[in-house]
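All remarks here apply to the structure that follows.
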Amino acid sequence: MNFYRTTRLMLSSAAILSFASSAFALDGVDLLKKINAASTLQGSTLAADGVDVEGTTVTLKGATIKPAATPDKGIALGNVTMTGVAEQSDGGYHIDQVSFADTAVTDDGVSISVTDMKLGGVNVPADSTKGGLDSLLLYQTAHMGAATVTKDGSQVFAIKEINAHLNPRGDKSGFDFDAGVTGLMADLSKVDDPKSKQVIEDMNLQHLNGNISVNGNWDLGPGTINVKQYAFDFKDIGKLDIALSISGYTLDFIKSIQDAIKASEANPNKEEAQQAMGLAMLGLMQQLTLNSAQIRFDDASITKRALDYAGKQQGVTGEQMANTLKGLTPIMLAQLNIPELQNAVTAAVNTYLDSPKSLTVSAAPDKPVPLPMIVGAAMGAPNTIPKVIGLKVSANN
């Protein structure tokens, strides 16, 4: 008797657990739907031939990413595996890791391979329309392993790895970001065009090796994007570092751009579509303001090689070519009728060409300047540009 009671109790418990498990099982279709609801704002959607759910793992079979503007031109991703998927109390989802299948394609003698692509700490919003940080599809980490491009059996381009991070702020006002591309290599010795090949050889640019780094932040409220560093650093060439701060780049601004693109793509009259697109962009541009900007180049021997090459084309030495440029700079700038800028640029060019170290162009207005004001000044009164944006040029500092 006790045996049968025990058996019935075990079977009842198993049935209850089975019911509870099915009641709280992940809904893979709902997950994909909410990913797409958030992805549309960011310019793409995700399609899949099938959705498999096993425990906390969701697999998208035969996945394809489709740009919102051109959904017929999708990119095949293969199977996408999401592990550690958990539904949140508000109806959204948290995914520990999203892994993409390695990719290898060959077309017309060119082969491209990409490995070890994954996202970590992905948050899928329950409602992507309510605005704010909680409405965004965000990841905490992104990684791509080795990527290569080969042509006719020879490697012409490669990347060791790419890593990126997004760090949302506790008050949900925005996030900080950084990214890095390391081990970037390009073999230009395989260039076919004779003229380009000769330039590459004369300037010793057959093999490029470098890294790319980015860091900054985005304040959602005012739509202020601060790109503190966007640097391209290549061995024996130099480092180009760009910094930029603009405001008005809000979520509503992004959605307006995407709506304009969709409307343009849907219009069968391409000429009319382009005109409408241009007017829409002009209207949207009025929402943006420039806070500051800077472009800096730190030389690592490319300037001397460029002067030597340019001089060779004119039958003079690199030093003579530098002196020629120093003489031409004030003459060319005089046509702009901006004495202040002419003097600053001439002094910077002379200093740099005498001893190439660094060249910096910066814009630091006293207060944020609307982009239409800058465009208007450039078209109607270019001599006012230096004061409008606080333009400065310097060298070797």
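The values are calculated or read from the model by the stated rules, or taken from the named source; none is laboratory data. What you see is a predicted model; the values in this text were computed from it and never measured. FYI the Cβ positions are ideal-geometry reconstructions off the backbone, even for glycines, and counts take in every protein chain you see. Ligands, DNA and RNA are excluded from the accessible area calculation, which covers all protein heavy atoms including side chains. Shrake-Rupley method; radii C 1.70, N 1.55, O 1.52, S 1.80 Å.
Annotations for the structure displayed:
- Asn209 in contact with a Phe, Trp or Tyr (Cβ under 9 Å, 6 or more places away or on another chain) and surrounded by fewer than 17 Cβ atoms within 10 Å (Cβ to Cβ): yes
- Residues in the range 311-332 that are free of Cβ contacts under 8 Å to residues at least 60 places away in the same chain, surrounded by fewer than 16 Cβ atoms within 10 Å (Cβ to Cβ) and within 18 Å of Asn204 (Cβ to Cβ): 2 in all.
- Among the residues of the range 75-95, the ones that are exposed (fewer than 13 other Cβ atoms within 10 Å of the Cβ) and in a strand (DSSP E or B) come to 3 in all.
- Just so you know, in the range 96-145 the residues that are over 21 Å from Ser44 (Cα atoms) and hydroxyl-bearing (Ser, Thr, Tyr) include one that is surrounded by the fewest Cβ atoms within 10 Å (Cβ to Cβ), and it is Thr106.
- Matching residues, the range 146-159, being part of a loop (DSSP other than H, G, I, E, B), surrounded by fewer than 14 Cβ atoms within 10 Å (Cβ to Cβ) and not acidic (Asp, Glu): Gly153
- Boolean, Asp176 is acidic (Asp, Glu), part of a loop (DSSP other than H, G, I, E, B) and either touching a strand residue (DSSP E or B) at 6+ places or on another chain (Cβ under 6 Å) or open to solvent by 60 Å² or more (accessible area, probe 1.4 Å) (or both): no
- Some residue of the range 299-307 being touching a Pro at 6+ places or on another chain (Cβ under 7 Å), under 28 Å from Ile254 (Cβ atoms), β-branched (Val, Ile, Thr) and not in a loop (DSSP other than H, G, I, E, B): no
- Scanning the range 333-365 for residues being closer than 12 Å to Ser394 by Cα, open to solvent by 70 Å² or more (accessible area, probe 1.4 Å) and either modelled with pLDDT of 95 or more or not in a helix (DSSP H, G or I) (or both) gives a total of 1.
- Within the range 223-244, none of the residues are touching a residue at least 24 places away in the same chain (Cβ under 8 Å), among the hydroxyl-bearing types (Ser, Thr, Tyr), farther than 30 Å from Tyr352 by Cα and open to solvent by 60 Å² or more (accessible area, probe 1.4 Å).
- Taking the range 191-239 as the range and being under 27 Å from Asn396 (Cβ atoms) and among the hydroxyl-bearing types (Ser, Thr, Tyr) as the test, the residues that pass are Ser213, Tyr230.
- Checked against (1) open to solvent by less than 60 Å² (accessible area, probe 1.4 Å); (2) part of a helix (DSSP H, G or I); (3) closer than 30 Å to Lys387 by Cα, Leu282 meets all criteria but (1).
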